[in-house]
Amino acid sequence: MQAKEFSFPVSVEWLGDTRVATRIDGKREIETSSPLEFRGKDATIWSPEDFFVGAAASCVAITLSGIAERRGLPLRGLEVSGTGVVGGREDGKFGFSRMSLRVAIKTDPGQEELAREVAQKAEDDCLVAVSLDLPIELAVEVDTASD
């Protein structure tokens, strides 16, 4: 039996300077540029580095919400923030060396342990996170919703 495969085509067109238009058929175009740290000139434009960290954080959030639904965990709030660190790596290359993700879950009283389990499962199952060749530090905060 052959495993399923999925494709995600993207096209990028240079707009001048360090700006490009990132396009996917049927979706809004996103202007992308270098971050200020790498000679970018506009801090309001998303960079590939922003997308890299954002992809991991949003994937964990989306995966977590799906697992929570299947496991019966009531979500009253969910936020995932991330920080990627770029620098010299052990392999001698300059690139992302680590990432930290902070997951903040709000749920009903008595569901705290399940919330922590669901958060860990989300990191383990998130397609983006498992595809990265760098350590991800996960911090989970659970709070309960008050009536």
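The values are calculated or read from the model by the stated rules, or taken from the named source; none is laboratory data. Quick caveat, the model's predicted, so the values are computed rather than measured. Every residue, glycine as well, gets a Cβ built from its backbone with ideal geometry; the counts of neighbours run over all protein chains shown.
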Which count do you get for residues in region 97-127 that are touching a residue at least 40 places away in the same chain (Cβ under 8 Å) and crowded, with 18+ Cβ neighbours inside 10 Å?
11
Being under 14 Å from SER58 (Cα atoms) and either aliphatic (A, V, I, L, M) or outside any strand (DSSP E or B) (or both) is the filter here, so list the residues in region 75-104 that pass it.
LEU78, VAL80, MET99, LEU101, VAL103, ALA104
So which residues in region 128-147 are small (Gly, Ala, Ser) and surrounded by fewer than 18 Cβ atoms within 10 Å (Cβ to Cβ), if there are any at all?
SER131, ALA139, ALA145, SER146
Go through region 45-90 and give me each residue that's out of contact with any Phe, Trp or Tyr (no Cβ under 7 Å at 6 or more places or on another chain) and of a type in the set (Phe, Trp, Tyr).
TRP46, PHE51
Return yes when GLU79 is among the acidic types (Asp, Glu), under 19 Å from the mean Cα position of the chain (by Cα) and farther than 25 Å from ASP133 by Cβ and no when it is not.
yes
Answer with yes or no whether ARG71 is surrounded by fewer than 15 Cβ atoms within 10 Å (Cβ to Cβ) and at pLDDT below 95.
no
Flag for VAL20 being part of a strand (DSSP E or B) and either over 29 Å from GLU123 (Cβ atoms) or not aromatic (Phe, Trp, Tyr) (or both):
yes
Do any residues in region 1-30 that are more than 15 Å from PHE51 (Cβ to Cβ) and at pLDDT below 95 have Cβ atoms under 9 Å from those of residues that are of a type in the set (Phe, Trp, Tyr) and in a loop (DSSP other than H, G, I, E, B), where the two are at least six apart or on different chains, and which pairs are they?
none
Does SER81 count as under 20 Å from GLN120 (Cβ atoms), surrounded by 12 or more Cβ atoms within 10 Å (Cβ to Cβ), of a type outside the set (A, V, I, L, M, F, W, C) and modelled with pLDDT of 95 or more?
yes
